[in-house]
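Report on one structure; see the data block that follows.
Nothing in this text is a laboratory measurement; each read-out follows from the coordinates by a stated rule. Computed from a prediction, not measured in an experiment: that's the story for all the values here. FYI the Cβ positions are ideal-geometry reconstructions off the backbone, even for glycines, and counts take in every protein chain you see.
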C-alpha cells in the first residue's frame with residue numbers, strides 16, 4: 001500500500017523515518033489535560049508507541065514510532081476523551097500555545113485559548129494553508145513568546161489584549177510586530193480570522209506570514225487585515241472554556257527533554273486525581289505542573305513522587321532546558337539533542353546553571369532557542385574524509401526583549417562545549 005505522507009499531515013502525522021514509522025502530535029487545548037485524557041495517552045503510548053510521551057514547548061503531546069495501520073484506532077481512542085490531532089501538523093492553524101505562568105490572568109488566557117481552539121480546529125475554512133499558522137496567548141510579556149507567533153496575543157489586564165503578528169523562527173527568524181493595542185476579548189476571534197484569511201490569500205505555498213510582511217511591508221499588511229476583518233456575531237461564554245485550573249499551590253515537576261515514561265505520567269496523574277483538581281498542565285518548558293490544596297499536601301506529594309523516581313535532583317532536571325527530539329526520532333534532526341544537552345549541562349559553570357537553555361536538532365528551531373538565555377541550533381552536517389558526517393552548532397545568546405542572536409557559528413561538539421564552559 002502506498003502511503004500519502006503529505007496528506008497525513010493535516011491529521012497531525014509526520015513521517016518519522018525511512019522505515020515508515022510515524023510521529024503523531026496531539027493538540028491539548030490550553031495546555032491542560034484531565035486525568036482521563038492522561039490515562040488515554042498513556043495507553044496509546046504503551047500500545048502503539050514506545051511507552052514514552054514527548055511534551056512539546058507549545059503544549060502538545062507527541063507519540064513516536066507509530067505504525068500507519070494503527071492510526072484509525074488511535075484516533076478513535078483520542079476522540080473518546082475529547083482529544084484530536086487534526087491540524088497539529090501541516091498547513092493549518094496549529095495547536096494554540098497557552099501561557100503556563102501562574103498568575104491572576106491564567107484563567108482568562110485559558111478561556112481565550114479554548115475559544116480559539118474550538119473555532120479553528122477542523123474548520124475547513126482554515127485548512128490547506130500555505131504552511132503552518134501559529135497562534136499563542138500569553139498572560140504577560142515575560143518570556144517574549146508573542147514575538148515568534150503568526151498571531152500573538154498578550155493579556156494586559158482588565159479584559160484587554162495587545163496583538164502581535166508575523167513572527168516566526170526557523171531558518172529566517174523574524175520577531176513579530178505590534179498590530180494593535182487594547183483589543184477587547186470579543187474582538188480577538190474576528191481579528192484572528194482576518195489575519196489567517198490574509199495569509200491564505202497572499203502567501204506563496206510553503207511560506208509563513210512573516211514572508212507576506214516582508215513583501216508588502218507592515219503598513220500594507222495592516223490595511224489588508226483591516227479590510228478582511230468582519231465583526232464576529234456576539235457569543236455567550238461557554239462553561240467548558242473556563243475550567244478554573246490554577247487554584248491552590250502549584251507543584252512544578254521537571255521532565256528532562258520533555259520525555260516521560262507512561263508509567264511515570266500515570267503516577268503524576270494519580271496525584272492530581274486524588275489530591276488536586278484532576279488536571280495536569282503542560283508547561284512552556286516541557287515540564288508538568290499540578291495544583292494542590294496547600295503546602296503540606298504539596299510536600300507530601302513531592303516526597304511520594306521522589307520515591308517513585310521523579311524529582312531525582314540531578315543537574316539535568318535542575319536546569320531549564322528545552323529540547324526537540326533531534327535525530328533520536330525526527331527525520332529533520334541532525335544531532336542527538338538529548339545527548340548533546342547532557343554534555344552541555346555537564347560543561348556548565350555555576351553561573352550558567354541559572355540560565356535558561358534550548359537545544360534544537362535542526363534550523364527549524366522547534367524548542368525556541370532564540371528565546372532562551374542560551375540557545376544551540378544544529379545548523380548542518382559536515383562530511384569528514386572517512387565519509388562520516390558530524391553536526392555543527394551555532395550558539396545564540398539573548399539579552400533584552402528581542403530574539404537571541406548568534407555569537408558563535410559552525411562549532412563542532414568540542415568547540416561548543418568549550419564555548420559553553422566560558423559562560424560559567
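Could I have the simple spin-label model distance between residue 303 and residue 274, label points 7 Å from Cα toward Cβ, reported in nm to one decimal?
1.4 nm
Can you give the Kirkwood hydrodynamic radius for segment 318-423, in Å, rounded to one decimal and based on Cα pairs?
Working: mean 1/r = 0.0737 Å⁻¹.
Result for segment 318-423, one decimal place: 13.6 Å.
Report relative contact order for the chain in percent, whole number only (criteria: Cα-Cα under 8 Å, sequence separation at least 6). Mind showing how you got there, number by number?
Details: 920 pairs, mean separation 55.9, N = 424.
Answer for the chain is 13 percent.
Starting from the 7 Å offset along Cα-to-Cβ, what nm value, one decimal, do you get for the label separation of residue 414 and residue 351?
The answer from the label model is 2.6 nm.
Sorting check: for 129-136, 271-278, which peptide has the highest mean count of neighbouring beta carbons within 10 Å, and how do the rest follow? Working shown, then result.
Numbers: 129-136: 22.1, 271-278: 19.6.
For the peptides 129-136, 271-278, the packing ranking is 129-136, 271-278.
For segment 1-76, list log₁₀ I(q)/I(0) at each q in 0.16, 0.18, 0.19, 0.22 Å⁻¹, using the Debye formula over Cα point scatterers of equal strength and ignoring solvent, two decimals each.
-0.56, -0.71, -0.79, -1.04
Taking the beta-carbon count within 10 Å as an exposure proxy, list 332, 279 from fewest neighbours to most.
Details: 332 16, 279 22.
Sorted ascending by nearby Cβ count, the order is 332, 279.
Does segment 269-340 classify as rounded, prolate or oblate by the C-alpha gyration tensor (a ≥ b ≥ c root eigenvalues; a/c under 1.5 gives rounded; else a/b over b/c gives prolate, otherwise oblate)?
The shape class here is prolate.
Taking square-rooted eigenvalues a ≥ b ≥ c of the alpha carbon gyration tensor, is segment 47-162 rounded, prolate or oblate, where a/c under 1.5 means rounded and, failing that, a/b exceeding b/c means prolate?
Working: a/c = 2.13, a/b = 1.73, b/c = 1.23.
Taking the square roots of the gyration eigenvalues as a ≥ b ≥ c, segment 47-162 is prolate.
Report the residue, chosen from 191, 371, 267, that carries the largest GNM mean-square fluctuation when the chain is represented by alpha-carbon nodes joined by springs under 10 Å.
Largest GNM mean-square fluctuation: 267.
Evaluate the distance, in nm, between pseudo-label points positioned 7 Å from the Cα of residue 79 and of residue 5 along their respective Cα→Cβ axes.
Placing both labels 7 Å beyond Cα along the Cβ direction yields 2.7 nm.
Tell me, how many Å apart are the Cα centres for segment 176-216 and for segment 369-424?
Each part reduced to its Cα centre gives a spacing of 32 Å.
Output the relative contact order of segment 43-86, whole-number percent, from Cα pairs under 8 angstrom with separation of 6+ residues. Let's see the in-between values first.
Working: 32 pairs, mean separation 12.4, N = 44.
Computed value for segment 43-86: 28 percent relative contact order.
For the chain, what does the helix formula give at 222 nm: sum of -39500 (n - 2.57) over DSSP H segments with n ≥ 4, over the residue count, nearest 500 deg cm²/dmol? If you can, show how the numbers build up before the last one.
Numbers: 12 runs with 133 residues, N = 424.
Computed ellipticity for the chain at 222 nm equals -9500 deg cm²/dmol.
Measure out, as a whole number of angstrom, how far apart the alpha-carbon centroids of segment 47-112 and segment 269-346 sit.
One Cα centre to the other: 17 Å.
With an 8 Å Cα cut-off and a minimum separation of 6 or more residues, compute the relative contact order for segment 292-424 in percent.
On the way: 247 pairs, mean separation 25.0, N = 133.
RCO, segment 292-424: 19 percent.
Among 74, 43, what is the fewest-to-most ranking by other Cβ atoms within 10 Å? It would help to have the intermediate numbers written out before the result.
Working: 74 22, 43 13.
So the residues, fewest neighbours to most, are 43, 74.
Dividing the alpha-carbon Rg of segment 97-228 by 2.2 N^0.38 Å yields what? Write out the running numbers ahead of the final one.
Numbers: Rg = 13.9 Å, N = 132, 2.2 N^0.38 = 14.1 Å.
For segment 97-228, the normalised Cα radius of gyration comes out at 0.99.
With a 10 Å Cβ neighbour count serving as the proxy for reagent exposure, in which order, fewest first, do 301, 148 appear? Display every interim value, and only then the final one.
Values: 301 22, 148 25.
Lowest to highest Cβ neighbour count: 301, 148.
Taking a ≥ b ≥ c as the square roots of the eigenvalues of the Cα gyration tensor of the chain, is the shape rounded (a/c under 1.5), prolate (a/b larger than b/c) or oblate? Write out the running numbers ahead of the final one.
Numbers: a/c = 1.28, a/b = 1.09, b/c = 1.18.
It is rounded, given that a/c, with a ≥ b ≥ c, falls under 1.5.
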